[in-house]
Amino acid sequence: MLTIGQLAAYAGVTVRAVRHYHQIGLLPEPERDAAGYRRYGAMAVVSLIRIRTLANAGVPLSQIGQMLEADASTFAEAVQKIDSHLRDEIERLETSRRQIAQLAAGDSLTLPPEVISYLDRLREIGASERVVRGERDGWILVAARWPDSIREVMAAKHAQLDDPQLVRVYRVLSELLEGDAGDDPRLEEAADILAGLAEQAYTSGEVAHDDLADLLDALAVESDPRAQRLLDLMRERGWASWTRTRPERLAGPPD
């Protein structure tokens, strides 16, 4: 006769596991000896090894009891169902692994290559990482809204970076975001430049995306409250927004 420790050692499990199997009814509890200790025979070892084997194969503990009592055909059917479930689970985990691997690629998970290239160019012209992050979040919205036209849009954006005025505004905004001043005078400079760029876009007939402009403006304000002041300055100069995807002229500057 074996003690619970010896039984566990024979089957390659822990004493805690044996007690758990007793608790859930998988392994019958033996009679106790005169000293009050459980004593196990050879059949208990066989049963425990079968339980351990099924559990290690991925069979839920709730199903092991039925499988231990099943005939050959019922057992085979149960194994087939468990195998099918495991295949589904493996596919789900493989999908999760691919998604996790994509996360390592950073921005490329949510943005097409054309936008990634544009963000890299912003870094090259001196835009701060905070400005780049703001641009990234905005382009996530744009790319999701117009996936079929993003290549054309980004080609135009790349061309715009040849304009020294646009380069200047990115640098001014980068400097602004590095400070804590709520009403930095450089906001006026940024608004002047953006108003000039809006005039160019409006005159050239640049395509407007009105249905997303409000969301882009809101995103900027949520990212930094000073963006609201920039919006107000743009309106003072006769423009509805600083977002260049919507060069919308107001009826006239406010009094």
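Below 8 Å, C-alpha to C-alpha, sequence gap of six or more: please give me the relative contact order for the chain in percent.
11
What spacing in nm lies between the two simple spin-label points modelled at residue 214 and residue 46, each 7 Å away from Cα in the Cβ direction?
About 7.7 nm, to one decimal.
Filter the chymotrypsin sites (Phe, Trp or Tyr not before Pro) in segment 9-81 down to the DSSP loop ones having no more than 15 other Cβ atoms within 10 Å, then list what survives.
Passing both the DSSP loop test and the Cβ count: 37.
Using amide H atoms built in the peptide plane, which far-off residues or other-chain residues are under 5 Å from residue 239 H to H?
The list, which skips near neighbours in sequence, is 250.
Apply the Karplus curve 6.51 cos²θ - 1.76 cosθ + 1.60, θ = phi - 60°, to the phi angles in segment 156-171 and return the couplings in whole Hz, x for Gly and Pro.
Per residue, the Karplus-derived 3J(HN,Hα) values read 5, 5, 4, 5, 5, 6, 7, 7, x, 5, 5, 4, 4, 5, 5, 6 Hz.
Over segment 1-65, calculate the relative contact order: mean separation of alpha carbon pairs under 8 Å at least 6 apart, over the residue count, as a percent.
36
Quote the Stokes-Einstein diffusion coefficient, in whole µm² s⁻¹, for the chain, based on the Kirkwood radius over alpha carbon pairs, a temperature of 4 °C and a viscosity of 1.567 mPa s.
Estimated via Stokes-Einstein, D reaches 53 µm²/s.
To the nearest 0.05, what FRET efficiency results for residue 175 and residue 221 with a Förster distance of 22 Å applied to their C-beta separation?
About 0.70, to the nearest 0.05.
What's the extension gain from residue 155 to residue 55 if we count 0.36 nm per residue and subtract their Cα-Cα distance?
Taking 0.36 nm per residue and subtracting the Cα distance, the gain is 30.2 nm.
In segment 13-99, what GluC sites (Glu not before Pro) fall in a loop by DSSP, with at most 12 other Cβ atoms inside 10 Å?
Counting only loop positions with at most 12 other Cβ atoms within 10 Å, the GluC sites (Glu not before Pro) in segment 13-99 are 31.
For Cα pairs less than 8 Å apart in space and 6+ apart in sequence, what is the mean separation divided by the residue count of segment 1-112, i.e. the relative contact order in percent?
Relative contact order, segment 1-112: 19 percent.
Compute the distribution of all C-alpha to C-alpha distances in segment 1-116, in bins of 10 Å from 0, and list the percent of pairs in each, rounded to whole numbers.
Cα pair-distance distribution for segment 1-116, in percent: 12, 30, 21, 15, 11, 7, 3, 1, 0.
Need one number: nm distance between label points at residue 80 and residue 20, each 7 Å from Cα along Cα→Cβ, rounded to one decimal.
Using points 7 Å along Cα→Cβ, the separation is 3.1 nm.
Just to verify a number: FRET efficiency for residue 96 and residue 3, C-beta to C-beta distance, R0 = 51 Å, to 0.05?
Approximately 0.75, to the nearest 0.05.
Where a number appears in this text, it was derived from the coordinates with a stated rule and is not lab data. Everything numeric in this text was worked out from a predicted model, so none of it was measured. For neighbour counting, all protein chains shown are included, and Cβ atoms are generated from backbone atoms with ideal geometry for every residue, glycine included.
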